[in-house]
Amino acid sequence: MKFHLLTIFPDFFEGPFKYGVVARAAEFGALELHVHDLRNWTHDLHRTVDDRPFGGGEGMVLKPEPIFDAVETIWPQRGGKQKVILLSAQGRKFTQQVARELAANQELLLICGRYEGVDERVAQHLADEELSIGDYVLSGGELAAAVVVDAVARLLPGVVGNHESTVNESFEDDGMLDCPQWTRPADFRGWKAPDVLLSGNHAEIRKWRKQAALEKTARQRPDLR
Ligand code: 9D3
């Protein structure tokens, strides 16, 4: 799968994509990452990407022309499995279900908003989807785009090994959180790992974990059934 990121901070992505699953997947060719500087599609001396909002108000809004020009240069013709996604605080909520839908595409082009917003014509006439990663205020779409790339990339074939299978994860199988985990030492500062996990009784362990996951989900995430 090919990911394109359109941003005014191309250097931002040097960090997030240098480590872990995404970096490894890019190395062995399961995915390609292409970071594009939005200012490449400006034509004035100051490489202007933003302007003041019509109707007045605080801050600046990303202009439509460089964004349309960029997307239309990257994809002169858009096929059915190429999706343009605008990351914005006003988008539909990004979830594991949305990640699975996006993973079915050949290419994604993620537009990172900045400033107070993006000219609405980008959402209306250019993007296939407008996505938010959650109900909190970020200072731009870059961090959100990195989140989307990570969540989608690990669903691609061969990116995450079978030992850490993606089919059995929280939210994916039963809408429940993972069970809590412990490792050595069995006694740390007097806080003991549950005896059952050291018992070697795998039927008991399975039962206990199911119950622990249920209790933790009810406590932390009563919204999940
Ligand atoms: C402070 C300005 N806000 C109210 C007037 C609106 C606003 C504009 C731009 C709020 C956030 C942003 C920048 N955020 C994103 O571009 C963004 C985002 C987010 O803030 N939260 C969750 N997901 C996303 S995806 C992109």
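The values are calculated or read from the model by the stated rules, or taken from the named source; none is laboratory data. Small disclaimer: the values here were computed from a predicted structure and weren't measured. Here the Cβ is made from the backbone with ideal geometry for all residues, glycine too, and neighbour counts use every protein chain on show.
Arg189 - would you say it is at pLDDT 95 or above and on the phi > 0 side of the Ramachandran plot? So that I can check it myself, show each step before the final result.
Details: at pLDDT 95 or above: yes; on the phi > 0 side of the Ramachandran plot: yes.
Criteria met by Arg189.
In the list Val137, Val118, which residue meets the criterion of being surrounded by 15 or more Cβ atoms within 10 Å (Cβ to Cβ) and either within 10 Å of the ligand (Cβ to nearest atom) or touching a residue at least 12 places away in the same chain (Cβ under 8 Å) (or both)? Working first, answer last.
Values: Val137 fails: surrounded by 15 or more Cβ atoms within 10 Å (Cβ to Cβ).
Only one candidate passes the filter, namely Val118.
crowded, with 17+ Cβ neighbours inside 10 Å and either free of Cβ contacts under 8 Å to residues at least 24 places away in the same chain or over 14 Å from the mean Cα position of the chain (by Cα) (or both), is that true of Val98? Write out each step before concluding.
Values: crowded, with 17+ Cβ neighbours inside 10 Å: yes; either free of Cβ contacts under 8 Å to residues at least 24 places away in the same chain or over 14 Å from the mean Cα position of the chain (by Cα) (or both): no.
No, not satisfied.
Working only within segment 101-115, note down all residues that are in a strand (DSSP E or B) and within 13 Å of the ligand (Cβ to nearest atom).
Within segment 101-115, the subset in a strand (DSSP E or B) is 107-112.
Hits for segment 101-115 are Leu110, Ile111, Cys112.
Please enumerate the residues belonging to segment 55-79 that are within 15 Å of the ligand (Cβ to nearest atom) and either in a helix (DSSP H, G or I) or more than 19 Å from Gly141 (Cα to Cα) (or both).
Hits for segment 55-79 are Gly55, Gly56, Gly57, Ile67.
Across segment 34-54, what is the total count of residues that are within 13 Å of the ligand (Cβ to nearest atom) and either among the charged types (D, E, K, R) or not in a loop (DSSP other than H, G, I, E, B) (or both)? Walk me through how you get there before you give the answer.
Step one: of segment 34-54, the residues within 13 Å of the ligand (Cβ to nearest atom) are 50, 53.
Going one step further and asking which of them are either among the charged types (D, E, K, R) or not in a loop (DSSP other than H, G, I, E, B) (or both), we end up with 50.
Here the count works out to 1.
Output the qualifying pairs, or none if there are none: Cβ atoms under 7 angstrom, residues six or more apart or on different chains, first residue in segment 46-68 and free of Cβ contacts under 8 Å to residues at least 12 places away in the same chain, second residue of a type in the set (A, V, I, L, M, F, W, C).
If the second residue must be of a type in the set (A, V, I, L, M, F, W, C), the pairs left are Arg52/Met60.
Given the condition under 18 Å from Arg114 (Cα atoms) and surrounded by 15 or more Cβ atoms within 10 Å (Cβ to Cβ), answer yes or no: does some residue in segment 22-31 qualify? Show your work before the answer.
We begin by selecting, within segment 22-31, every residue under 18 Å from Arg114 (Cα atoms); these are none.
Among the residues of segment 22-31, not one is under 18 Å from Arg114 (Cα atoms) and surrounded by 15 or more Cβ atoms within 10 Å (Cβ to Cβ), which makes the answer no.
Assess whether His4 counts as being surrounded by 12 or more Cβ atoms within 10 Å (Cβ to Cβ) and within 12 Å of Cys112 (Cβ to Cβ).
yes
Only one residue in Val98, Val147 is within 15 Å of the ligand (Cβ to nearest atom) and within 26 Å of Asp69 (Cα to Cα). Which one?
Working: Val98 fails: within 26 Å of Asp69 (Cα to Cα).
Selected residue: Val147, the only one of Val98, Val147 that is within 15 Å of the ligand (Cβ to nearest atom) and within 26 Å of Asp69 (Cα to Cα).
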